[in-house]
Amino acid sequence: MRAGTRDLLTFAELDASGTSRLLDLAARLKRGAAGGKKAPLAGRTLAMIFQKPSTRTRVSFEVGMHQLGGHAVALAPGDMQLSRGETLGDTARTLSRYADAVLARVFAHSDVEALAAGSSIPVINGLSDAFHPCQTLADLMTVREKKGSGRGGRSLEGLKLAWIGDGNNVCNSLILGCARTGMDVSVAAPKGFEPLEWVVRESREAVRVDVSADPAAAAGGADVVATDTFKSIHNEDAGRLAAFLPRYRVGRRLMGKAKKDAVFMHCLPATRGREVEAAVIDGPQSAVWDEAENRLHSQKALLLALLGPGAPRCGPRRPASAARGGNGKRPA
Ligand code: CP
């Protein structure tokens, strides 16, 4: 993590070397070659707040904590005093007295920021309407495995990732992740569905980031083609599908614009026949099951970095106003 931060809310908290170290550790954990203590998080607890459903995020964090010797407590807002009006700030202060870190899946990004502002322990964003940084860690790990070059396949420099469809929370964090790893990004999104402006602007300082409405141009020569659902738990509006279909569906023809050995990625859950043809997601170029598995390994690396031996001790925070911005805006 960058100096002075111990939360992972967007992906901007990670710099290039921090990202690389996490991915190296994730790869060692996956190989069973991380060494060190058998139960490095013994006695440590992760409090997990889920305002909405999850399969991968919930199970991979819970299993990850278990494998590291720690414990995870899953909390649905309906089971908590949050449902009766207790504030996120008071909830964060209370959890900070019991647990060692908080994972939160929230509707509004400002909610995870409020938790972080009130908390004296690390806060991990398990998906908000604006960012999904844990997904990005797994995605970068997967691209390394499939397309990495150099020593141990650790370099992603010069690769091109095409994002087709909604410039959403997953896309925002992924662009930031690509910028940390030297990967160019080409986004094709309908007008009004582009990624956040500050994410694109800042990432362009490190890599090429193109944003257009043209899926074929975006996919051209790509090493990775990625997409996500067009109708998420944030956006149940049936009308929004008309903006995407059929032009932004990833099918065999669109994959044909990418490099011959390009891989297809999707964070899941997927709707076959909507944002992706079954022939692609279930075909030989699909990396989606490795991508899903890598949630576990990359998040174990994150948990070790935040809570393991040698992790910085938690102390008083900077004032919330100086530490982060609201509503998904660039933190100060
Ligand atoms: N990709 C992802 O976050 O999956 P879940 O919604 O199942 O957690």
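Only residues that are farther than 7 Å from Asn169 by Cα and in contact with a Leu (Cβ under 7 Å, 6 or more places away or on another chain): list them for region 120-133, please.
Pro122, Val123, Ile124, Asn125, Gly126, Pro133, listed by residue number.
Any idea which residue in region 246-271 is surrounded by the most Cβ atoms within 10 Å (Cβ to Cβ), counting only those that are within 16 Å of the ligand (Cβ to nearest atom) and of a type outside the set (Gly, Ala, Ser)?
Across region 246-271, the extreme among qualifying residues is Met265.
Would you point out which residue out of Ser20, Ser96, Ser119 is buried (at least 24 other Cβ atoms within 10 Å of the Cβ) and under 19 Å from Ala311 (Cα atoms)?
Just one listed residue meets the conditions, Ser119.
Mind listing just one residue for me: the one in region 33-77 that is in a strand (DSSP E or B) and more than 16 Å from the ligand (Cβ to nearest atom) and, of those, nearest to the chain's Cα centre (by Cα)?
Only one residue fits best here, namely Ala47.
Among the numbered criteria (1) basic (Lys, Arg); (2) more than 17 Å from His132 (Cα to Cα); (3) in contact (Cβ under 8 Å) with a residue 40 or more places away in the chain, which single criterion is violated by Arg204?
It is condition (3) that Arg204 fails.
When you look at Val112, is it surrounded by fewer than 22 Cβ atoms within 10 Å (Cβ to Cβ), at pLDDT 95 or above and either within 16 Å of the ligand (Cβ to nearest atom) or part of a helix (DSSP H, G or I) (or both), yes or no?
no
Kindly indicate which of Val225, Val199 is touching a helix residue (DSSP H, G or I) at 6+ places or on another chain (Cβ under 6 Å) and more than 22 Å from Ala287 (Cβ to Cβ).
Val199
When you go through Ser128, Ser149, Ser203, Ser212 one by one, which is the residue that is away from the ligand (no atom under 14 Å from the Cβ) and under 27 Å from Gly239 (Cα atoms)?
Ser212
All but one of (1) modelled with pLDDT under 95; (2) charged (D, E, K, R); (3) within 16 Å of the ligand (Cβ to nearest atom) hold for Glu293; which doesn't?
(1)
So, Gly148, is that one closer than 18 Å to Ala262 by Cα, in contact (Cβ under 8 Å) with a residue 60 or more places away in the chain and not aromatic (Phe, Trp, Tyr) or not?
no
Of all residues in region 223-243 being surrounded by fewer than 21 Cβ atoms within 10 Å (Cβ to Cβ) and away from the ligand (no atom under 16 Å from the Cβ), which is nearest to Asp139 (Cα to Cα)?
Result: Asp223.
The values are calculated or read from the model by the stated rules, or taken from the named source; none is laboratory data. This is a predicted model, so every value here is computed, not measured. Cβ: placed from backbone, ideal geometry, glycine included. Neighbour counts: every protein chain shown.
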